[in-house]
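Have a look at the structure below before the remarks.
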Amino acid sequence: MRDATAADLPLLQDVERAAGGPFRDLGMAEIADDEPFPPAELDRYRQTGLAWVAVDPEDPDGRPVAYLIAEPADGGLHIEQVSVHPDHARRGIGRALIEHAAARAAALGLPALTLTTFAEVPWNAPYYRRCGFHVLDEAALGPDLRRIRATERAHGLDRWPRVTMRRPLQSVEGPHPERS
């Protein structure tokens, strides 16, 4: 894992386009054809230090094969997007990016990771459950997550069932000793 660079941004768009392809097989062509984040928006995440890439260790140019972007939301770190190129799927790269984000969030003292995802897509909610996330009830959403969900609804993503998920984190400092 490494921080994304400005030179990576067009390659992240390529990863996102390729990662969308498998949605077509599920009858979700609109998701497969959705345009990736524009470079200016990706750069906003990069500039905040919340954009990370995974590279193919055999690629001498170190081109990204996966990425994760995140933003603060409701006191935690919200994973806005995690994408793995299908040629590099099922190798633990997405999970490694999530663990990297979790470690960074814990180091900042944040209590949780959150994300929104499709409930019934095998590499979405079922996968994130295996990564330690659980579904949040709508009543448990704070104002930032409500805003994120409203934006997704406006974009048409609720055509398919979606959920908001949370993964609690432990501080990297560990438990605090009891004080007497």
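Computed from the coordinates by the stated procedures, all read-outs in this text should not be read as laboratory data. This one's a predicted model, so the numbers in the text were calculated from it and none came from an experiment. Cβ placement follows ideal geometry from the backbone for every residue including glycine, while neighbour counts extend to all protein chains displayed.
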For the chain, give me the percentage of DSSP beta bridges that are antiparallel, rounded to the nearest 5 percent. 90
Placing each pseudo-label 7 Å from Cα in the direction of the beta carbon, Glu35 and Glu99 end up separated by a distance in nanometres of 3.7
Listing Trp123, Trp52 from the residue with the fewest other Cβ atoms within 10 Å to the one with the most, what is the order? Trp123, Trp52
Using the Karplus curve 6.51 cos²θ - 1.76 cosθ + 1.60 with θ = phi - 60°, what ³J(HN,Hα) values do you get for each residue of the range 62-76, in whole Hz, with x for Gly and Pro? x, 6, x, 10, 7, 8, 9, 10, 9, 8, x, 7, 6, x, x
Which of Tyr127, Tyr45 has the fewest Cβ neighbours within 10 Å, and the rest in rising order: Tyr127, Tyr45
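Pro72: net charge of surrounding residues, Cβ under 12 Å, Lys/Arg +1, Asp/Glu -1, itself excluded?
-3
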Environment charge at Gly62 (Cβ cut-off 11 Å; Lys +1, Arg +1, Asp -1, Glu -1): -3
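How big is the charge dipole of the chain about its Cα centre, in debye rounded to the nearest 20, if each Lys and Arg gets +1 on its Cβ and each Asp and Glu gets -1 on its Cβ? Show your work: numbers first, answer last.
Working: 21 positive and 28 negative charges, 122 e Å.
Dipole size: approximately 580 debye.
Among Asp25, Asp34, Asp74, what is the fewest-to-most ranking by other Cβ atoms within 10 Å?
Details: Asp25 9, Asp34 15, Asp74 19.
Least to most surrounded, the residues fall as Asp25, Asp34, Asp74.
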